[in-house]
């Protein structure tokens with residue numbers, strides 16, 4: 001078994017890992033760190049939760065500490081480009097954790113907040129700059145940031161960058177970088193557009209693939225619950241009142257839907273808040289902090305807002321609405337079973353979502369077990385899924401839709417039987433401190 005102390009990292013970094021209780025690297029860390037220490041480019045195919053943030057942060061910090069030089073004003077030695085504000089903040093926190101015994105300057109910049117403090121933080125130059133594309137280009141265009149002295153460039157979540165329409169921004173940023181640099185590209189999937197982007201940015205890269213796109217975390221117990229559209233909220237409230245559900249992320253397809261679900265949970269006595277792109281950065285960070293602190297039992301999120309959320313102790317992921325992209329299902333359920341813990345992924349499926357479910361099962365190459373021991377089970381939708389009949393066309397509305405005129409009544413067999421499962425194993429600290437845990441961020 002490989003240990004962090006065997007990867008060639010300097011002592012201050014291994015000491016920081018020991019402080020956190022990390023002894024054994026994850027597969028991507030064990031494969032990437034020695035390669036990056038040699039100065040090679042990397043094409044990494046890895047989902048969030050596999051430990052890729054530490055896989056690139058540790059070698060970057062190692063380089064900064066061993067090749068000491070003052071960063072130039074309004075510039076950075078290492079640039080990490082990431083699609084969302086939340087992920088940028090978490091990567092910045094990761095660098096602070098791993099580099100606690102190394103002297104370096106870092107800054108995190110993103111949109112949605114005033115640029116003044118970020119301009120001040122980067123004016124004297126930074127060793128590590130974590131940025132989202134929009135704010136970075138804004139500051140570049142104003143002459144407040146330059147990229148001509150970047151030594152290491154990390155493009156994180158490349159597939160989500162493209163999904164969010166950042167391809168032109170990424171190309172514009174890459175064009176401002178020095179040709180002589182080390183480049184790392186990470187992506188959970190490898191569509192043609194990402195492969196083309198990688199081919200134009202990387203030089204003889206080492207390809208590291210630790211989790212195929214179609215696979216799901218082995219420790220996650222997956223179940224599907226067939227339910228009519230009208231009874232989804234009733235089912236969700238029943239589930240959330242189960243004591244075994246201690247911290248859950250609930251996924252919807254739309255921002256408006258996330259708000260409505262969070263409000264319904266609050267009215268039912270379940271502490272909840274929504275997180276999505278229409279909320280201010282302060283509101284989003286406040287909701288995340290409350291969720292991390294255990295003040296909220298449920299965080300209701302859209303796919304883009306939740307991408308990159310790395311919070312330990314999430315016992316359940318609940319797909320209130322199934323995603324219309326099978327890969328998004330893999331990303332969603334990966335929010336649980338992190339840092340060595342177990343986790344439960346429950347998916348609500350109405351008749352119009354059966355086609356989505358079939359696509360998901362085809363992608364993950366397995367049938368999701370059915371949980372029918374609940375008060376809101378819809379047997380007709382269950383039969384539709386198991387039959388060869390053509391499923392209804394998936395809804396184009398993308399949201400919760402309007403309730404049907406005559407909602408189905410609650411079954412007469414009494415109090416709902418809530419589908420629960422043993423809660424996630426308790427583990428200490430932010431990244432599996434118990435049992436020689438792995439450093440898992442990002």
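A few comments on the model shown:
- Region 244-267-region 165-193 distance, computed between alpha-carbon centres (Å): 34 Å
- Peptides 71-79, 106-114 ordered by average Cβ neighbours within 10 Å, highest first: 71-79, 106-114
- Share of Cα-Cα pairs in region 220-386 lying beyond 29 Å, as whole percent: 12 percent
- Global geometry of region 230-305, whether rounded, prolate or oblate, following the gyration tensor of its Cα atoms and the 1.5 cut on a/c: oblate
- For residue 67 and residue 366, the difference between the fully extended length at 0.36 nm per residue and the C-alpha to C-alpha distance is 102.8 nm.
- Unit Cα scatterers, Debye sum, region 163-214: log10 I(q)/I(0) for q = 0.18 Å⁻¹: -0.67
- With the gyration tensor restricted to C-alpha atoms of region 64-154, the semi-axes of the equivalent ellipsoid amount to 19, 16, 11 Å, longest first.
- In plain terms, the chain from residue 221 to residue 142 could stretch by 23.5 nm, reckoned as 0.36 nm per residue minus the Cα-Cα distance.
- Share of Cα-Cα pairs in region 4-209 lying beyond 32 Å, as whole percent: 10 percent
- Volume in Å³ per residue [convex hull over Cα atoms, computed for region 16-59]: 71 Å³
- A simple packing score, the average count of other Cβ atoms within 10 Å per residue, orders the peptides 276-287, 193-204 as 276-287, 193-204, with the highest score first.
- Residue 195/residue 295 FRET efficiency (R0 41 Å; Cβ-Cβ; nearest 0.05): 0.45
- When each of 349, 378 is scored by the number of other beta-carbon atoms lying within 10 Å, the sequence from fewest to most is 378, 349.
- If R0 equals 35 Å, the separation of the Cβ atoms of residue 209 and residue 179 corresponds to a calculated FRET efficiency of about 0.85.
- Separation of alpha-carbon centers, region 81-113 and region 45-66, rounded to whole Å: 12 Å
- Modelled FRET efficiency - R0 41 Å, residue 10 with residue 380, Cβ distances, 0.05 increments: 0.05
Only the coordinates and a few stated rules stand behind these numbers; no lab work does. Treat the numbers as computed from the prediction; the structure is a model and nothing was measured. Every residue, glycine as well, gets a Cβ built from its backbone with ideal geometry; the counts of neighbours run over all protein chains shown.
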